[in-house]
Amino acid sequence: MTHRIQNPKLSFREAKVRRTITQGIVLHHIAGQMSVQQIHELHRKNGWNGIGYNFVVDFDGTIREGRGMNFIGAHTQAHNARTVGIAVNGCYHTQRTYMPDAQFNALVWLIREIRAEYGNLPIHAHHDLAPTTCPGRYFPLEDVRKGVARPLVPPKTTIPLHTVKEGDTLWSIARTHLGRGALWHDIFDLNRDIVDDPDVLVVGTALQLPYS
Ligand SMILES: [Zn+2]
């Protein structure tokens, strides 16, 4: 799963200031529904330089730049100069709300991108650092932390393999290992470099299987 970060090309009153230290990621919700442009206008009315969040993640998984990766934002008082602030669109406090998968996955992806740049930063909720309910009592904080911690690619030594025996077909292998013969194409896709014709399997070939 890859995402791309969109740049809405917001104009700031003054030049943005680069962070010199980065020690954490702070998660927020918008506590409503707003476009990045609307948040930007609102925060400018606060007298700020512009949108305070470094990034905003929308319901559909679109990630938009606010201040951007390397700049000091305005999202968590006393911690702005050392943290990256991510806000998710929506309200996760006033009524039970489940984060859409697309938004959740994009958020996890974005946190990984930030950690790839700055190391394994701790993931804070805004309310860990300040007296606020943000990002809301229904924000899936622990799921996000777990999602970020889950390895992207399992270690190579555990790649599941099937060694082709006489009479095997991709269909029969898929039925045995994946539960449904119709999933044979998943196995074929993984092994296109060693299987030229899906109807002709060479006995003794070690086929890689999808992780279940
Ligand atoms: Zn917040």
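Would you confirm, using the coordinates I've provided, whether ILE72 is among the hydrophobic types (A, V, I, L, M, F, W, C) and more than 17 Å from the chain's Cα centre (by Cα)? It is true that ILE72 is among the hydrophobic types (A, V, I, L, M, F, W, C) and more than 17 Å from the chain's Cα centre (by Cα). Scanning region 85-140 for residues that are at positive phi, more than 16 Å from the ligand (Cβ to nearest atom) and touching a residue at least 24 places away in the same chain (Cβ under 8 Å) yields a total of 0. In region 122-130, is there at least one residue being buried (at least 18 other Cβ atoms within 10 Å of the Cβ) and of a type in the set (Val, Ile, Thr)? Yes. Of all residue pairs spaced 6 or more apart or on separate chains, those with beta-carbon atoms under 8 Å, a first member in region 67-82 that is at negative phi and a second member that is more than 11 Å from the ligand (Cβ to nearest atom) and part of a helix (DSSP H, G or I) are MET69/ILE114; MET69/GLU117; ILE72/ASN80; ILE72/ALA81; GLY73/ASN80; ALA74/HIS43; ALA74/ASN80.
State which residue is farthest from the ligand (Cβ to nearest atom) when the search covers only region 141-172 and only residues that are of a type in the set (S, T, N, Q) and at pLDDT below 95. Let's see the steps before the verdict.
Taking region 141-172 as the starting set, the residues that turn out to be of a type in the set (S, T, N, Q) are 157-158, 163, 169, 172.
Subset that is at pLDDT below 95: 157-158, 163.
Values: THR157: 42, THR158: 39, THR163: 53 Å.
Here the residue is THR163.
In region 26-50, how many are assigned to a loop (DSSP other than H, G, I, E, B), away from the ligand (no atom under 13 Å from the Cβ) and buried (at least 19 other Cβ atoms within 10 Å of the Cβ)? Walk me through it before giving the result.
Applying the first criterion (assigned to a loop (DSSP other than H, G, I, E, B)) to region 26-50 yields 30-31, 33-35, 46-50.
If we keep only those that are away from the ligand (no atom under 13 Å from the Cβ) as well, we get 33-35, 46-50.
Next, from what is left, pick out any that are buried (at least 19 other Cβ atoms within 10 Å of the Cβ): 49-50.
Looking only at that region, the number is 2.
The values are calculated or read from the model by the stated rules, or taken from the named source; none is laboratory data. The model shown is predicted, which means the values in this text are computed figures rather than measured ones. Please note: Cβ atoms are built from the backbone with ideal geometry, for glycine as well, and neighbour counts cover all protein chains shown.
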